[in-house]
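The values are calculated or read from the model by the stated rules, or taken from the named source; none is laboratory data. What you are looking at is a predicted structure, and each value in this text was computed from that prediction instead of being measured. Virtual Cβ from ideal backbone geometry, glycine too; neighbours counted across all protein chains shown.
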């Protein structure tokens, strides 16, 4: 039997590519998405499409309320999503989001059982989020093996972040070679109800530039031209 893996699946470009990579490496994939109080549900619909496209063993969506704390343009509608680059960590950073998501993935992995967790974080073409850096991934893997029964009994976990040092163009080229249909995905921070992207937010700018640099046609539906 193939080894099982939990893949965090947001419905965006990076997580779709990460799922494709895990599947290509022979893992039996279980996808995990979150309704966490984000601005729109379009990315969850995209996650369901991507999961179906790759025929994952199971796709679960967990509901939790990070909007109860706010502090991010993605969970607080009173904070505007920036449409121009800014200095420092942007207001689209969601406090502790990847920590929370990985903790849920770890809990499911211990029960399945699965010992491999995949997350599509990137530290090259990204927005400067602290929970997308190699140091964070390494620290969480240590935590996973210190704070679980499986870990302390010697059946430890591995946190995979295969895209962490790749440019967006490299990610797109890889995904296309593995059969990712990027028309199924939604990356925009403020997509409309149909999943059409704004073309102006940081996620849209990174995505658009990635397709240009990869020499690929961008299949994204935009509300306006980026």
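Structural remarks
- Look at segment 68-91: where a residue is touching a residue at least 12 places away in the same chain (Cβ under 8 Å) and on the phi > 0 side of the Ramachandran plot and a partner is surrounded by 11 or more Cβ atoms within 10 Å (Cβ to Cβ) and in a loop (DSSP other than H, G, I, E, B), sitting 6+ places away or on another chain with Cβ atoms under 6 Å, you get 71/95.
- Residue in segment 137-160 that is assigned to a loop (DSSP other than H, G, I, E, B) and within 21 Å of residue 47 (Cβ to Cβ) present: no
- Scanning segment 205-226 for residues that are in a helix (DSSP H, G or I) and surrounded by fewer than 16 Cβ atoms within 10 Å (Cβ to Cβ) turns up 212, 213.
- Only one of the listed residues (193, 202) is modelled with pLDDT under 95 and surrounded by fewer than 15 Cβ atoms within 10 Å (Cβ to Cβ). That residue is 193.
- In segment 40-71, the residues that are in contact with a helix residue (DSSP H, G or I) (Cβ under 8 Å, 6 or more places away or on another chain) and within 24 Å of residue 205 (Cα to Cα): 46, 47, 49, 50
- Options 161, 144, 139, 135: the member that is under 16 Å from residue 108 (Cβ atoms) and modelled with pLDDT of 95 or more: 144
- Residues that are out of contact with any strand residue (DSSP E or B) (no Cβ under 6 Å at 6 or more places or on another chain) and in a helix (DSSP H, G or I), drawn from segment 23-42: 24, 42
- Qualifying residue in segment 121-130 (condition: crowded, with 18+ Cβ neighbours inside 10 Å, in contact with a strand residue (DSSP E or B) (Cβ under 7 Å, 6 or more places away or on another chain) and in contact (Cβ under 8 Å) with a residue 12 or more places away in the chain): no
- Options 45, 2, 52: the member that is part of a loop (DSSP other than H, G, I, E, B) and farther than 18 Å from residue 122 by Cα: 2
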